[in-house]
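The values are calculated or read from the model by the stated rules, or taken from the named source; none is laboratory data. The structure presented is a predicted model; accordingly, all values stated were derived computationally and were not measured. Here the Cβ positions follow ideal geometry from the backbone for every residue, glycine too, while neighbour counts run over all protein chains shown.
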Amino acid sequence: MEIDYRAPQHVRDIIAGIGRTEDLKFSPSNKLLAIAGYTKNKIAVFYIHIDNLADSTKITLTDAFELYSKQLNEPHGLDFIDEETIIVANRSGDAIFLQLPSGVMISDSVELTPLGVISSGSAGLLRGPAAVSIFRNDQKLYEALICNNNTSNVTRHLVDLRAGCFRKDE
């Protein structure tokens, strides 16, 4: 089933350019929607407004932008930590934390440097990170559960935003 929505042309252009997708998540307030662009190595973020009417639901995508990073490498799973921060599990790379841009955007495309990284490969616990879910424990303390495609296991990572994305792997 295709979902009917309204959006200005520049937002429709971003949708058309996402390519193969693997995951999407709403922000905690449901005002943002992030979609992983797997083959294009980008994340599309949409400002979304949902009206639940008596006989239908009206969805409007009011604006959008694309996130790029040199460390986006087949982004497969993602989740919002809070309204400003996401974690992205890269199938061919690491899990990275990205701070969403704030304020007035001068472009529909933003390149970011990760706030933090959970390493993949021989030195790290991750092996082909695929899906990720965030759980809030306390004011700025979270747990990231990451499914690892190459080892068929789930790893747990504590994230403390008070310490600038400090993490403890378990």
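Looking at the stretch 59-78, which of the residues that are in a strand (DSSP E or B) and of a type in the set (A, V, I, L, M, F, W, C) is nearest to Ile43 (Cα to Cα)?
Narrowing the stretch 59-78 to residues in a strand (DSSP E or B): 59-68, 75-78.
Add one more test, that the residue is of a type in the set (A, V, I, L, M, F, W, C), and what stays is 59, 61, 64-65, 67, 78.
On the way: Ile59: 20, Leu61: 16, Ala64: 11, Phe65: 9, Leu67: 5, Leu78: 9 Å.
The residue in question is Leu67.
Being over 15 Å from the mean Cα position of the chain (by Cα) and of a type in the set (Asp, Glu) is the filter; apply it to the stretch 49-102 and report the residue that is modelled with the lowest pLDDT. So, considering only residues that are over 15 Å from the mean Cα position of the chain (by Cα) and of a type in the set (Asp, Glu), the one modelled with the lowest pLDDT is Asp55.
When both residues are 6+ apart or on different chains and their Cβ atoms are under 7 Å apart, which pairs have a first residue that lies in the stretch 108-131 and is under 30 Å from His10 (Cβ atoms) and part of a loop (DSSP other than H, G, I, E, B), and a second that is at pLDDT 85 or above and among the aliphatic types (A, V, I, L, M)? Pairs found: Asp108/Ile14; Asp108/Ala64; Leu112/Leu67; Leu112/Leu98; Pro114/Ile96; Pro114/Leu98; Leu115/Leu98. Condition (residue is more than 18 Å from Ser102 (Cα to Cα) and assigned to a strand (DSSP E or B)) applied to the stretch 10-18: is it met by at least one residue? Scanning the stretch 10-18, I find no residue that is more than 18 Å from Ser102 (Cα to Cα) and assigned to a strand (DSSP E or B), so the answer is no. If I filter the stretch 19-44 down to residues being outside any strand (DSSP E or B), touching a residue at least 40 places away in the same chain (Cβ under 8 Å) and surrounded by 12 or more Cβ atoms within 10 Å (Cβ to Cβ), which single residue comes out as nearest to the chain's Cα centre (by Cα)? Going through the qualifying residues, I end up with Ser27.
Just checking, does the stretch 45-57 include any residue being outside any loop (DSSP other than H, G, I, E, B), without any contact (Cβ under 8 Å) to a residue 24 or more places away in the chain, among the hydrophobic types (A, V, I, L, M, F, W, C) and more than 21 Å from Leu126 (Cα to Cα)?
Looking through the stretch 45-57, at least one residue is outside any loop (DSSP other than H, G, I, E, B), without any contact (Cβ under 8 Å) to a residue 24 or more places away in the chain, among the hydrophobic types (A, V, I, L, M, F, W, C) and more than 21 Å from Leu126 (Cα to Cα).
Name every residue in the stretch 151-170 that is modelled with pLDDT of 85 or more and either exposed (fewer than 14 other Cβ atoms within 10 Å of the Cβ) or of a type in the set (Asp, Glu) (or both), in order of residue number. So that I can check it myself, show each step before the final result.
Just the residues of the stretch 151-170 that are modelled with pLDDT of 85 or more, to begin with: 151-159.
If the condition is that a residue be modelled with pLDDT of 85 or more and either exposed (fewer than 14 other Cβ atoms within 10 Å of the Cβ) or of a type in the set (Asp, Glu) (or both), then Thr151, Ser152, Asn153, Val154, Arg156 are the ones that fit.
Residues in the stretch 103-126 that are within 23 Å of Phe65 (Cα to Cα) and among the hydroxyl-bearing types (Ser, Thr, Tyr) were compared, and the one that is modelled with the lowest pLDDT is Ser107.
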